[in-house]
Each structure stands twice: as structure tokens, then as C-alpha cells.
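A short write-up of the structure that comes next.
The values are calculated or read from the model by the stated rules, or taken from the named source; none is laboratory data. It should be emphasised that the depicted structure is a prediction, and the values quoted were computed from it without experimental measurement. Ideal geometry is used to build each Cβ from the backbone, glycine not excepted, and the neighbour counts take in all protein chains shown.
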Amino acid sequence: MKLRHYHHHLLLLLLCCSFTETIEPISTSIAVGVAAALTGFLARYQNIFHYFQECCRPEWISFNKTALQADLESKLFGQHVASRIILKAVNGFMTNDNPKKPLVLSLHGWTGTGKNFVSGLIADSVYKEGMDSRFVHVFTSELHFPHASQIDNYKSQLQQWIKGNVTNCERSMFIFDEMDKMHPGLIDSIKPYLDYYDKLDGVSYRKAIFIFLSNAGGDSIIQTALDFWKEGRNREEMELKDLETSLSLSVFNNKKSGLWHTSLIDKNLVDFFVPFLPLEYCHVVQCALSAMADRELEPDLKVADQVARDLVYFPKSERIFSVKGCKTIDSKLDYYT
Ligand SMILES: Nc1ncnc2c1ncn2[C@@H]1O[C@H](COP(=O)(O)OP(=O)(O)OP(=O)(O)O)[C@@H](O)[C@H]1O
Ligand SMILES: [Mg+2]
């Protein structure tokens, strides 16, 4: 019984996980022999195991375009530009069997407009476990890399970490939050992984997804949205090309944000710059309604309206955009219900 148990694990290890180091020929042939001998016996059990334990396999990782599209349409409010780019970008990448480089998305915009939220939706559409997947990794510069003096340590740790994780599963996702607060040296250290390399030290990074989140360029996005509003044009008419030029200019010229010191941009390592628009009163109402639905409360438009009206909006004279976007809406509900 014990022996069976052991073999079971050995085979599952072989089936499930890739080894981080090169396997020697002798141990390989032993392993292959053991695996072959047990395959018949265990064939029936293997699916059961994959059913319970997350693996780097299609049972756990497979892109669902319909789900992503439905989520973007029904859960994300006021972000028609971002929504379109993300669906196209992720779909194009995930349906390509042989991508030339990893997918690199850079999400920009004012606070509380849905950047982390969308990253979660993307994770949900690729990984069965969504953000809880062990193949999804989130870095926050101020949390994980707080001390500038430690930068050399952080650099090698980060590189090891990325390499280890991609070796373990080529379909890994890395989310870098607060990218604008990240040390330029750290960003430089991940650059090779984003580039068009077939392999680096025997590891291919071309199926990984990198998502950078920042507020950089938020001001220029707001300016464009405000211009549209002042001209009496519909927000939904806004297209990427209306935002693109001023976004990239403001990102380039922002000396404060680390990302832009580096050659990420001029080397074209970022595949898509995704602008997030500032949210208006009506979007905040939608956020409040969906927060109620999440709590399995009866949607109450009166309460939603009250929550939205009590927020602060800018610019001072026009009061169009929510200062905190949809952030804190959820916790505000406690107060109003
Ligand atoms: N456009 C949106 N549509 C639906 N819900 C949203 C949207 N924007 C924000 N929310 C809600 O507000 C919460 C906070 O948003 P999120 O954390 O994604 O903001 P952010 O853009 O990452 O802000 P920051 O720049 O401050 O990190 C989300 O969890 C979500 O519930
Ligand atoms: Mg965020």
C-alpha cells in the first residue's frame, strides 16, 4: 500500500510538474521506466488527481474568450477603450501557439478606475483558480521592494523568482503593481524576459504574461476625457488614437516614474498601453449596484444614488469625475444600508 502510494506520487510528479534542473540520463531512464510501468495502472487515477490539485496543464489553464468578453461587458464600467484592447490583446496572444515574445500590457489611469480589477478578470479567464492560482504572481513595489539600498538583492531575487516560476510553468502571469514607484534598476533587471528571445539559459518566457499597473499618464487621460466632455462629445466616441499620443508623451516625460527612465518603451517591449478613463457619477452608481449584488443584497437604486452623490468629484467647477473612482464604494455600503 505504501509503495503504491509512493509510486503514485512519483508518477504524478512526472506528469504534473516540470523539473527545474536538467535531469541526468540515468535517472531519466529510471524515471521513464517507472512511469511506463505504472502508466496503465494509474491512468485512471491521474485525472482525479488533476481534478483536485492545480497543475500547469490545460485542465487548469486554458483561455476562455467568451468568459472574458462577458466579464468585461458586464462587470467593468466606463472602460470601453481598455476593454476592447484587452480582449483583442489577450485573445490574440492566447490563441497563438507560437508567440514570439511574452505578452506585456501596461495599464494606466487615475486611481480606482479598475486596473487591478481588470487584471483579476484576465486571470479568471486564463486560470481556473483566477488570482488564487499558484501561477499568478503579484508584486507591489512598496511592499516587496521597499528599501532602495537593497536594490541589488531585489534584482537577483526577482530574476530568480521569475525564472523559477516560468521554468515551473511557462503559462505564468506576473502583475507588477505601482510600477511608477518601482526602482528603475529593478525594471531593467526584468527587461530580458520581456524581449524577443527564443530562450534565456534554456528557459523560454514567450508564453508568460506580464501586466504593469500605474497611475502614470493618468493626468493626460483625464485631460482628453475632459476635452471630450467640454466639446459635448460622447465619452464612448473616444478611441485609443485620441488618447495614445498624449498618453505616451506624458509617460515619457514623467521623470518621476521609474518605468520611463528605462528602455522598456523605446525597445518596444510593451505590446499595449491601455488607458483607463476617469469614472463619472453614472459609473459609480453601477459600481454600487454591483457591490450590492456581490453581497447578495437586493439592488437599491436609491442607496446607489446616495453613495455616488456623497463622493467628491473634480474638476472643482464641473464636478464630473470621481476623485477615488470606484474605490471604497464597497466599504461605504456598510454605512448606507
Ligand atoms: N471600471 C470599473 N468597473 C467596475 N468596478 C470598478 C471599476 N473601477 C474600479 N472598480 C471597483 O473598485 C475597486 C477598486 O478598483 P481597482 O483596485 O481596480 O483600482 P485601480 O485602478 O487599481 O486603482 P489604483 O490606481 O489606486 O491602484 C475594484 O475592486 C472594483 O470593485
Ligand atoms: Mg491598483
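Select, from Pro102, Pro58, the only residue that is surrounded by 21 or more Cβ atoms within 10 Å (Cβ to Cβ) and more than 16 Å from ligand 1 (Cβ to nearest atom).
Details: Pro58 fails: surrounded by 21 or more Cβ atoms within 10 Å (Cβ to Cβ).
Among Pro102, Pro58, only Pro102 is surrounded by 21 or more Cβ atoms within 10 Å (Cβ to Cβ) and more than 16 Å from ligand 1 (Cβ to nearest atom).
In the condition set (1) of a type in the set (S, T, N, Q); (2) surrounded by 20 or more Cβ atoms within 10 Å (Cβ to Cβ); (3) under 30 Å from Ile320 (Cα atoms), Asn116 is compliant with all but (2).
Going by the conditions given, is Gly217 over 17 Å from the mean Cα position of the chain (by Cα), under 22 Å from Asp266 (Cβ atoms) and buried (at least 22 other Cβ atoms within 10 Å of the Cβ)?
On the way: over 17 Å from the mean Cα position of the chain (by Cα): yes; under 22 Å from Asp266 (Cβ atoms): yes; buried (at least 22 other Cβ atoms within 10 Å of the Cβ): yes.
Considered against the rule, which asks whether it is over 17 Å from the mean Cα position of the chain (by Cα), under 22 Å from Asp266 (Cβ atoms) and buried (at least 22 other Cβ atoms within 10 Å of the Cβ), Gly217 comes out as yes.
Among residues of region 148-194 being basic (Lys, Arg) and more than 16 Å from ligand 2 (Cβ to nearest atom), the one that is modelled with the lowest pLDDT is Lys191.
Could you list, in sequence order, all residues of region 138-147 that are touching a residue at least 12 places away in the same chain (Cβ under 8 Å) and within 16 Å of ligand 2 (Cβ to nearest atom)? Outline the logic, then answer.
First, the residues of region 138-147 that are touching a residue at least 12 places away in the same chain (Cβ under 8 Å): 138-142, 145.
Val138, Phe139, Thr140, Ser141, Glu142, listed by residue number.
Checked against (1) among the aliphatic types (A, V, I, L, M); (2) at pLDDT 95 or above; (3) in a helix (DSSP H, G or I), Ile211 passes all but condition (3).
Report whether or not Ile122 is closer than 20 Å to Arg206 by Cβ, within 16 Å of ligand 2 (Cβ to nearest atom) and either among the aliphatic types (A, V, I, L, M) or in contact with a His (Cβ under 9 Å, 6 or more places away or on another chain) (or both).
On the way: closer than 20 Å to Arg206 by Cβ: yes; within 16 Å of ligand 2 (Cβ to nearest atom): yes; either among the aliphatic types (A, V, I, L, M) or in contact with a His (Cβ under 9 Å, 6 or more places away or on another chain) (or both): yes.
Spelling it out, Ile122 is indeed closer than 20 Å to Arg206 by Cβ, within 16 Å of ligand 2 (Cβ to nearest atom) and either among the aliphatic types (A, V, I, L, M) or in contact with a His (Cβ under 9 Å, 6 or more places away or on another chain) (or both).
Please go through region 58-82 and pick out each residue that is assigned by TED's automatic domain parsing to the domain that holds Asp132 and modelled with pLDDT under 95. Matches in region 58-82: none.
If you filter region 261-301 down to residues that are of a type in the set (Ser, Thr, Tyr) and away from ligand 1 (no atom under 15 Å from the Cβ), you find that the one that is surrounded by the most Cβ atoms within 10 Å (Cβ to Cβ) is Thr262.
Quick one: count up the residues across region 105-131 that are in a helix (DSSP H, G or I) and farther than 18 Å from Gln286 by Cα.
From region 105-131, those in a helix (DSSP H, G or I) are 115-126, 130-131; that's our starting set.
Retained after the next criterion (residues that are farther than 18 Å from Gln286 by Cα): 119-120, 122-126, 130-131.
Within region 105-131, residues that are in a helix (DSSP H, G or I) and farther than 18 Å from Gln286 by Cα number 9.
Can you find a residue that is at pLDDT 70 or above, surrounded by fewer than 14 Cβ atoms within 10 Å (Cβ to Cβ) and closer than 30 Å to Asn234 by Cα anywhere in region 35-49? Among the residues of region 35-49, not one is at pLDDT 70 or above, surrounded by fewer than 14 Cβ atoms within 10 Å (Cβ to Cβ) and closer than 30 Å to Asn234 by Cα, which makes the answer no. Any residue in region 187-203 that is under 22 Å from the mean Cα position of the chain (by Cα), more than 25 Å from Val90 (Cβ to Cβ) and touching a residue at least 12 places away in the same chain (Cβ under 8 Å)? Yes; the residues of region 187-203 include at least one that is under 22 Å from the mean Cα position of the chain (by Cα), more than 25 Å from Val90 (Cβ to Cβ) and touching a residue at least 12 places away in the same chain (Cβ under 8 Å).
Of all residues in region 231-245, those satisfying the criterion of being among the basic types (Lys, Arg) and without any contact (Cβ under 8 Å) to a residue 40 or more places away in the chain are Arg233, Lys241. Candidates Leu143, Leu76: the one that is loosely packed, with under 14 Cβ neighbours inside 10 Å and among the hydrophobic types (A, V, I, L, M, F, W, C) is Leu143. Return yes when Glu318 is under 23 Å from Gln223 (Cβ atoms) and either surrounded by fewer than 12 Cβ atoms within 10 Å (Cβ to Cβ) or within 23 Å of the chain's Cα centre (by Cα) (or both) and no when it is not. Yes, satisfied.
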